[in-house]
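> Input: one structure, supplied below.
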Ligand SMILES: [Fe+2]
Ligand SMILES: [Fe+2]
């Protein structure tokens with residue numbers, strides 16, 4: 001099984017080869033392998049980590065998480081505690097590349113508590129770092145993330161490097177540099193007081209002084225240095241170093257170098273006030289991250305893109321924001337990003353939900369302001385899906401509980417994205433478009449839903465049902481779909497919006 005799966009994976013160069021039937025085959029092979037790993041009576045799988053790294057690069061990091069978690073359990077049952085903790089660590093590391101849900105976060109917290117009582121304190125720094133990543137990158141809780149990174153560094157300093165080498169597969173020095181680099185990145189993203197400016201200098205000195213640093217660690221330290229230059233308005237120096245990185249970094253690190261360098265070029269252009277160049281560079285950064293299956297860099301690219309836009313839109317009054325973003329092509333950029341992730345429902349679906357919603361709003365006699373909110377809320381209702389790995393979005397076989405938890409998070413993630421841009425009402429539409437008036441929707445099960453949101457919700461259900469996609473391959477007629485909506489198969493809607501939908505269709 002193991003060898004067969006490896007040789008199958010070796011036939012795929014990159015994930016863009018995977019479409020149609022080759023994608024179906026990729027999904028079915030991967031899912032069978034996950035089932036195999038969960039079997040109690042099997043041999044140890046020696047190549048498991050390299051299989052997972054390959055899957056991650058092919059855009060399936062959640063599957064790598066599932067595999068490492070199942071393998072950790074396998075070793076625990078055999079009483080092999082060290083192997084258990086190593087694999088469990090990797091399972092969290094892969095989850096962080098995909099999307100760490102609330103339930104994953106809860107398990108990580110529990111594991112850290114168990115480790116603090118256990119006989120393997122050597123694992124604590126890496127686990128604290130994984131938790132710090134969740135708060136830093138996903139929950140934007142910079143204050144607590146900072147505590148976690150600092151605690152991790154403290155704990156690591158108390159461990160004898162030889163003993164650490166002995167117990168984890170990551171060396172002491174590698175781990176130390178990773179922690180320092182994460183803390184540096186965090187400090188670069190927050191408002192720093194004087195003390196933190198000095199801390200930043202100290203951390204950078206640590207990164208820079210690495211006589212036997214691997215090329216990867218050297219790259220991390222150079223990238224951090226560029227960001228420090230940019231943060232301190234030394235733009236010429238930053239540009240020089242960027243060019244230097246491109247020339248000097250070995251090609252095998254391209255999957256890190258290309259996306260990061262594009263992102264930093266964008267940051268540089270934004271500081272210079274070149275809005276269009278900044279947007280183009282961030283889109284390039286996102287595209288390359290996706291191409292290399294670098295899901296974490298995707299998130300950095302998005303974070304930066306939003307930062308650029310909210311920065312340039314800061315002076316724009318709230319009622320002019322939509323026009324401003326429209327004039328600067330922000331919506332096109334966001335929909336383009338969504339299309340890169342969700343092949344089947346990314347672009348066309350977003351555009352037709354927007355059109356249908358706008359027509360319903362007009363037929364219900366809403367005013368111009370509200371109609372525009374519905375139009376853009378409709379266009380961006382699924383924008384949170386840019387946080388979900390493409391494998392999960394496009395998966396043909398049955399979704400399990402974790403897949404659902406990740407997909408359902410597109411609502412709150414969409415809310416965060418649009419809220420960052422100051423699009424408050426559109427953000428609410430993104431958050432609530434899967435809520436239903438009978439309380440059976442998600443994410444919160446609320447019954448009190450704004451009319452504008454319900455309009456987008458009914459347009460969404462209608463369009464998703466008539467569009468053949470990976471999961472629903474059958475063509476349905478508009479009449480079939482209206483019948484489904486009336487009988488509540490796809491959740492309950494108010495008569496007002498159902499009649500609105502019918503009036504624009506027939
Ligand atoms: Fe949705
Ligand atoms: Fe949708």
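> Relative to the first principal axis of the alpha-carbon coordinates of the chain, what is the inclination of helix 451-466, with its axis defined by its Cα atoms, in degrees from 0 to 90 and to the nearest 10?
So the inclination is approximately 80 degrees.
> Just check region 321-506 against the gyration tensor rule for me: Cα atoms, a ≥ b ≥ c as the square roots of the eigenvalues, rounded for a/c under 1.5, and otherwise prolate or oblate depending on whether a/b exceeds b/c. Write down the numbers at each step before the final one.
Working: a/c = 1.35, a/b = 1.00, b/c = 1.35.
Rounded, since a/c falls under 1.5.
> Relative contact order (percent) for region 1-99, with alpha-carbon contacts under 8 angstrom and 6 or more residues of separation? Intermediate results must be reported in sequence, preceding the final value.
Numbers: 87 pairs, mean separation 24.2, N = 99.
RCO, region 1-99: 24 percent.
> How many angstrom separate the Cα center of region 66-88 from the Cα center of region 299-324?
44
> For the chain, what's the relative contact order in percent, using C-alpha pairs closer than 8 Å and at least 6 residues apart?
On the way: 659 pairs, mean separation 51.0, N = 506.
Relative contact order of the chain: 10 percent.
> How long are the semi-axes of the equivalent ellipsoid of the chain, defined as square roots of 5 times the Cα gyration tensor eigenvalues? Whole Å, largest first. Walk me through the intermediate numbers first.
Working: eigenvalues 313, 177, 84 Å².
After diagonalising the Cα gyration tensor, the semi-axes are 40, 30, 20 Å.
> Any chance you could get the radius of gyration and Dmax over the Cα atoms of region 404-503, in Å?
Cα-based Rg and Dmax for region 404-503 come out at 13.8, 39 Å.
> Sorting check: for 134-144, 40-50, which peptide has the highest mean count of neighbouring beta carbons within 10 Å, and how do the rest follow?
Details: 134-144: 16.6, 40-50: 11.8.
Averaged packing, sorted descending, gives the order 134-144, 40-50.
> Also, I was wondering about something else. What does the C-alpha gyration tensor say about the overall shape of region 304-375? Classify as rounded when a/c is under 1.5, otherwise prolate if a/b is larger than b/c, or oblate.
Values: a/c = 3.47, a/b = 1.10, b/c = 3.16.
Cα axes put region 304-375 in the oblate bin.
> Right, another one. In terms of the Cα gyration tensor, with a ≥ b ≥ c the square roots of its eigenvalues, is region 1-116 rounded because a/c is under 1.5, prolate because a/b exceeds b/c, or oblate?
Because a/c hits 1.5 or more and a/b fails to exceed b/c, region 1-116 counts as oblate.
> On to the next question. Can you put 476, 3, 78 in order, fewest other beta carbons within 10 Å first? Walk me through the intermediate numbers first.
Numbers: 476 16, 3 8, 78 12.
Lowest count first: 3, 78, 476.
> Multiply the residue gap between residue 120 and residue 193 by 0.36 nm, knock off their C-alpha separation, and tell me the result in nm, one decimal place. Intermediate results must be reported in sequence, preceding the final value.
Details: separation 73, 0.36 × 73 = 26.28 nm, distance 3.63 nm.
Using 0.36 nm per residue and subtracting the Cα-Cα distance, I get 22.6 nm.
> Now a separate question. Using Cα pairs under 8 angstrom and six or more residues apart, how large is the relative contact order of region 321-506, in percent? Before the final figure, lay out the partial values.
Working: 274 pairs, mean separation 40.9, N = 186.
After rounding, I find 22 percent.
> For helix 295-312, what angle does its Cα long axis make with the longest principal axis of the chain, in degrees from 0 to 90 and rounded to 10?
That helix lies at roughly 60 degrees to the long axis.
> Order by neighbour count: 387, 1, fewest other Cβ atoms within 10 Å first, most last.
Numbers: 387 22, 1 14.
The order, fewest Cβ neighbours first, is 1, 387.
> Once you place label points 7 Å from the Cα toward the Cβ at residue 246 and residue 234, how far apart are they in nm?
2.1
> Sum -39500 (n - 2.57) across every DSSP H segment of at least 4 residues in the chain, then divide by the residue count to get the 222 nm mean residue ellipticity, nearest 500. Could the numbers behind the result be given before it?
Numbers: 27 runs with 356 residues, N = 506.
Only helices count here, giving -22500 deg cm²/dmol.
> Between helix 172-189 and the chain, what is the angle of the helix's C-alpha long axis to the longest principal axis, kept within 0 to 90° and rounded to the nearest 10?
The two axes meet at around 40 degrees.
> Further question: Quick one: if you stick a label point 7 Å off each Cα along the C-beta vector at residue 467 and residue 10, how many nm between them?
Placing both labels 7 Å along Cα→Cβ, they lie 3.9 nm apart.
> Please work out how much length the chain gains when fully extended from residue 320 to residue 103, using 0.36 nm per residue of separation minus the C-alpha to C-alpha distance, in nm with one decimal. Walk me through the numbers before you get to the answer.
On the way: separation 217, 0.36 × 217 = 78.12 nm, distance 3.95 nm.
Stretched fully, the residue 320-residue 103 segment lengthens by 74.2 nm.
> Same structure again: Order these by the 10 Å Cβ neighbour count, fewest first: 295, 101. Can you show the working numbers first?
Details: 295 24, 101 20.
Least to most surrounded, the residues fall as 101, 295.
> How far, in nm, would the chain grow between residue 502 and residue 480 when pulled straight, counting 0.36 nm per residue and subtracting the alpha carbon separation?
6.7 nm
> Can you compute the modelled spin-label distance between residue 201 and residue 78, with each label point 7 Å from Cα toward Cβ, in nm?
5.2
> Here's another thing I want to ask about it. For region 217-241 and region 149-172, compute the distance between their C-alpha centroids and round to whole Å.
Result: 28 Å between the Cα centres.
> Let me ask something else. Distance between Cα centroids, region 185-212 to region 1-36: provide it in whole Å.
Taking the Cα centre of region 1-36 as reference, the centre of region 185-212 is 42 Å away.
No lab work stands behind these numbers, since they all come straight from the coordinates. Model, not experiment: these values are computed from the prediction. Neighbour counts are summed over all protein chains in view; Cβ atoms, including those assigned to glycine, are modelled from backbone coordinates with ideal geometry.
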